[in-house]
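Notes for the one structure printed next.
The values are calculated or read from the model by the stated rules, or taken from the named source; none is laboratory data. Small disclaimer: the values here were computed from a predicted structure and weren't measured. Heads up, the Cβs are rebuilt from the backbone with ideal geometry, glycines too, and the neighbour counts pull from every protein chain shown.
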Amino acid sequence: MEIMGRGVRQILAESPCYFHILTKFAGYRLFGKKSPLYGSADIINVCNLHCTHCYWWLNRKENEELSVSDWKKIIDEKFKKNHVFIITLVGGEPTLRPDVVELFIKEFPKRVCLVTNGTLPLKKYKDIYFYWISIDGNQEIHNQIRGHNAHQTTKKNILDYIQANGPKAYKDIWITMTINSLNYTTIKDVMDGWRPYSNKIGFQFHTPFAKGDPLWMPFGPERTKIIDEIISLREKYPDYIINPPSQLELMKKSWGGQGTTPIDCPTWAILSVDHMGREKRPCCIGSAENDSMKPICEECGLGCYSVLVGFGMKG
Ligand SMILES: C[S@@+](CC[C@H](N)C(=O)[O-])C[C@H]1O[C@@H](n2cnc3c(N)ncnc32)[C@H](O)[C@@H]1O
Ligand code: SF4
Ligand code: SF4
């Protein structure tokens, strides 16, 4: 038996972590105490792609990269001090810093998710929780968004990973699809195409940084239809699609805030740092710098926060 990719033995071994998580949940429910449950770190300020929809390039500035020992300090002073349970490594393209990935996995065995475009060979890390591989449509649309041959390269790397690491290696591969106006008609293609090579899939919606962003799927009948289709697919593949119905229902309308101000969004739940280890505001797609572009909360489609709102956590 597995719960979100974690076996019973693993869950038992992690009981001290669950103690902290349960204490945090109880603290929130009973006293409104807000302590981060998860962590997210942009471990690199470089990316090998320039995807059409990407928020990361909007606020990127040229900077130094941190060393492994700098990251160790950030791990101790921020993530360990706050007893965060799961850490998501992002970027830029985090697979370009295997030294930092190794450090995080050593410090948080089975608790690190690595979000990647999958265009570089995927290393086998014994104690990784899983790879989140970003897939943004069928081959044609994915390449339109992510660049020439990106889909083929990522697919080859996943197949190579499974071939090199045995039949159970597909369990390390989770797909994340960010739905936008270019790719929404290819959701079923993505599901059918990737199900044989992956353990789970998660959907979220494009979050704009400017009003009138043509990639954003407006609230209304078309968006509702897409979400209802995902809910039906989930009934057919309950172990594959990870989005709970409560979250999917929320995504039909504005749930996070007003303008660029988060209101119901539980920004406190994910401690997010940028490539310099500075805390990002208001959330993991924001920035540590005041003069940065800001995400439009009232049009937000991010999965990692909306799932918490679906479970009753608020800002
Ligand atoms: C910024 S990327 C960094 C990790 C890696 N380079 C990748 O592409 O997976 C992290 C995730 O954010 C998603 N993303 C980028 N721009 C977005 C936006 N405006 N709204 C929602 N998700 C976005 C990407 O599709 C990807 O799944
Ligand atoms: S690969 Fe990831 S970080 Fe790089 S541009 Fe694409 S979405 Fe953004
Ligand atoms: S996740 Fe970020 S953009 Fe979305 S509502 Fe929360 S703070 Fe705003």
Residues that are touching a residue at least 40 places away in the same chain (Cβ under 8 Å), away from ligand 2 (no atom under 15 Å from the Cβ) and either of a type outside the set (D, E, K, R) or not in a strand (DSSP E or B) (or both): does the range 40-47 have at least one? no
Among residues of the range 284-315, those that are assigned to a loop (DSSP other than H, G, I, E, B) and within 16 Å of ligand 2 (Cβ to nearest atom), counted: 8
Tally up the residues in the range 117-145 that are touching a helix residue (DSSP H, G or I) at 6+ places or on another chain (Cβ under 8 Å), assigned to a helix (DSSP H, G or I) and within 13 Å of ligand 2 (Cβ to nearest atom), please. 2
Within the range 206-218, considering residues that are of a type in the set (A, V, I, L, M, F, W, C) and surrounded by 15 or more Cβ atoms within 10 Å (Cβ to Cβ), the one farthest from ligand 1 (Cβ to nearest atom): M217
Could you tell me whether any residue of the range 97-116 is within 29 Å of F219 (Cα to Cα), of a type in the set (D, E, K, R) and within 14 Å of ligand 2 (Cβ to nearest atom)? no
Test result for E14, under 28 Å from T178 (Cα atoms) and outside the structural domain of L182 (by TED's automatic domain parsing): no
Candidate set from the range 242-274 (those that are away from ligand 2 (no atom under 16 Å from the Cβ) and among the acidic types (D, E)); member that is farthest from M313 (Cα to Cα): E249
Considering only residues that are assigned to a strand (DSSP E or B) and at pLDDT below 80, which ones fall in the range 4-20? R6
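Matching residues to (1) more than 16 Å from ligand 2 (Cβ to nearest atom); (2) assigned to a helix (DSSP H, G or I); (3) surrounded by 14 or more Cβ atoms within 10 Å (Cβ to Cβ):
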residue: I162; (1), (2), (3): yes, yes, yes
residue: T178; (1), (2), (3): no, no, yes
residue: T185; (1), (2), (3): yes, yes, no
residue: K188; (1), (2), (3): yes, yes, no
residue: R195; (1), (2), (3): yes, yes, yes
residue: Q204; (1), (2), (3): no, no, yes
residue: T224; (1), (2), (3): yes, yes, yes
residue: E235; (1), (2), (3): yes, yes, no
So, in the range 261-282, of the ones that are in a loop (DSSP other than H, G, I, E, B) and closer than 18 Å to P94 by Cβ, which residue ends up nearest to ligand 3 (Cβ to nearest atom)? K280
May I ask you to verify whether T52 is touching a residue at least 60 places away in the same chain (Cβ under 8 Å), surrounded by fewer than 19 Cβ atoms within 10 Å (Cβ to Cβ), within 20 Å of the chain's Cα centre (by Cα) and within 16 Å of ligand 1 (Cβ to nearest atom)? yes
Unmet criterion (only one of (1) more than 16 Å from ligand 3 (Cβ to nearest atom); (2) at negative phi; (3) under 20 Å from the mean Cα position of the chain (by Cα)) for T88: (1)
Pairs returned, first residue in the range 146-160 that is outside any helix (DSSP H, G or I), second residue that is within 13 Å of ligand 1 (Cβ to nearest atom) and not small (G, A, S), beta-carbon separation under 6 angstrom, 6 or more apart or interchain, are G147/L49
From the residues in the range 240-256 that are assigned to a loop (DSSP other than H, G, I, E, B) and touching a strand residue (DSSP E or B) at 6+ places or on another chain (Cβ under 7 Å), which one is surrounded by the fewest Cβ atoms within 10 Å (Cβ to Cβ)? Y240
Among (1) among the aromatic types (F, W, Y); (2) under 24 Å from H20 (Cβ atoms); (3) more than 15 Å from ligand 1 (Cβ to nearest atom), there is one condition Y240 misses while meeting the rest; what is its number? (2)
For the range 243-276, which positions are among the hydroxyl-bearing types (S, T, Y), more than 16 Å from ligand 1 (Cβ to nearest atom) and within 19 Å of the chain's Cα centre (by Cα)? S246
Positions within the range 277-315 being within 18 Å of the chain's Cα centre (by Cα) and among the polar types (S, T, N, Q), in sequence order: S287, S306
Search result, residues across the range 48-76 that are within 12 Å of ligand 2 (Cβ to nearest atom), more than 25 Å from P266 (Cβ to Cβ) and not in a loop (DSSP other than H, G, I, E, B): W57
Of the residues that make up the range 227-250, is at least one under 12 Å from I296 (Cβ atoms), assigned by TED's automatic domain parsing to the domain that holds F85 and out of contact with any His (no Cβ under 7 Å at 6 or more places or on another chain)? no
